[in-house]
Amino acid sequence: MPEPCAYFRGEYMNPKDAKIGIMTHAFHYGTATFGGINATWDEELEQFCLFRLKDHYRRQLTACKMLHMRLPYNADDMSAITVEAVRRTGFRQNVYCRPVAYKSSESLGVRLHDLDADWLMIATVLPPFSSKGGLRCCTSSWVRTCDNQILTHGKICGGYANGALAKTEAQMAGFDDGIMLTPEGHVSEGAVTNTFFVLKGRLVTPPPSDGILLGMTRDTVMQLARNELGMETIERSIVRSELYEAEEAFFTGTYAGVVPIVEIDHRPVGTGEVGALTTRLQELYRGLAAGRNPKYSPWYTFLKPD
Ligand code: PMP
């Protein structure tokens, strides 16, 4: 029977058997950084495609540096372990990989230095993301943490309480997600996704200085728009009025892909239907991330299970 597989303290095991102690520093203070990587199953070719694997680990290692963590693994080691864990699951369907680098010392006291760090990886299956023909969003009352409150360019675990508050508020009010603004009122991101808008026919996304995570999907979509559609993405601050002026809007993220937003604060985005550019980018991204575009082969790591 296929089952999830974890790499923990140098061994592969079922995630149920991987346990950390209740005194672990990261558990108390969120002093950890996680990642999310897709291994997309190709039913026809009977192989997995792990998308931008090394880039994901380069980003995680940068976040480790931000948190004063030194790990006994480099991006090559982490990539090889990830491929092996996916292989060991025995799954023949999309697998989601969740690496976590964390302060592993069993020691209380808020700080980052003089603590041990460890890295673990979980390969598992998530329910497919459903966008039901487009999301209905609200502007969150929760302000997105800014870069001198928590380092927004890394996926710092403690920072995710911010996204959790926004998502919960949105869902309890009947929306799918909340769009968070910066303390200055600029559009930042969804709870776990970057945002894009079509404004007067141009593709626009918030810049790295507006509290965003430097999303891998964001970067991929910008490259796809340029290379495949001849369209430059404008990185600039976006104000709230523009949420209601946009002709199209979408979220990007590894788990979600390119996800249309059809309504914001009870106002239709454009016509209220999924826009043409969003649909095109969604299709391009889907094919690319599934390993179907040989032009982008440096981004692919294929695994053919035995
Ligand atoms: N923003 C946040 C806060 C995220 O956690 C994520 C990923 N979960 C993203 C954006 C999207 O990043 P990526 O495209 O690298 O998955």
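Nothing in this text is a laboratory measurement; each read-out follows from the coordinates by a stated rule. Everything quoted here is computed from the prediction, not taken from an experiment. Neighbour counts run over all protein chains shown; Cβ positions are idealised from the backbone, glycine included.
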Taking a cut-off of 18 Å between Cα atoms, list the lysines near Lys65, but don't count ones fewer than 8 places away on the same chain. Lys54, Lys103, Lys155
May I ask which residue of Thr24, Pro207, Ala256 lies farthest towards the positive end of the charge dipole of the chain, with charges of +1 (Lys, Arg) and -1 (Asp, Glu) on Cβ and the Cα centre as origin? Thr24
Output for region 25-70 (equivalent-ellipsoid semi-axes, sqrt of 5λ from the C-alpha gyration tensor, Å, descending) is 30, 12, 5
Please report, in cubic angstrom per residue, the volume enclosed by the convex hull of the alpha-carbon atoms of region 50-99. 71 Å³
Coil-residue GluC sites (Glu not before Pro) of region 7-70, DSSP, other Cβ within 10 Å capped at 15: Glu43, Glu44, Glu46
Quick one: putting +1 on the C-beta of Lys and Arg, -1 on the C-beta of Asp and Glu, what dipole do you get for region 185-265 around its Cα centre, in Debye to the nearest 20? 160 debye
How much mean residue ellipticity at 222 nm does the chain get from its helices, if each DSSP H run of length 4 or more adds -39500 (n - 2.57) and you divide by all residues, to the nearest 500 deg cm²/dmol? -8000 deg cm²/dmol
Extension reserve of the Met13-Leu303 stretch, reckoned as 0.36 nm per residue once the Cα distance is removed: 102.4 nm
Can you pull out the trypsin sites (Lys or Arg not before Pro) in region 142-202 that DSSP calls coil and that have at most 14 other Cβ atoms within 10 Å? Lys200
Over all distinct Cα pairs, what is the inverse of the mean 1/r for region 135-289, reported as the Kirkwood hydrodynamic radius in Å? 15.3 Å
Looking only at Cα atoms, what is the convex hull volume of region 5-115 per residue, in Å³? 97 Å³
Please work out the C-alpha center-to-center distance from region 136-190 to region 12-84 and express it in whole Å. 24 Å
Name the shape class, rounded, prolate or oblate, that the alpha-carbon gyration tensor gives for region 179-248, where a ≥ b ≥ c are the square roots of its eigenvalues, rounded holds for a/c under 1.5, and otherwise prolate holds if a/b is larger than b/c and oblate otherwise. oblate
If we count every other residue with Cβ under 14 angstrom of Gly230's Cβ, Lys/Arg +1 and Asp/Glu -1, where does the sum land? +1
Kirkwood Rh and Cα Rg combined as Rg over Rh, evaluated for region 70-204: 1.03
Value of Rg to Rh for region 78-150 (Rh from inverse mean 1/r over Cα pairs, i.e. Kirkwood): 1.11
Size of electric dipole in the chain: Cβ of Lys, Arg +1 and of Asp, Glu -1, about Cα centre, debye, nearest 20: 320 debye
What value in Å³ per residue do you get for the convex hull of the alpha-carbon atoms in the chain? 138 Å³
Give me the net charge for the shell around Tyr29: Cβ to Cβ below 12 angstrom, other residues only, Lys and Arg +1, Asp and Glu -1. +2
Summing Lys, Arg as +1 and Asp, Glu as -1, what charge do residues with Cβ under 13 Å from the Cβ of Cys157 carry, Cys157 excluded? +3
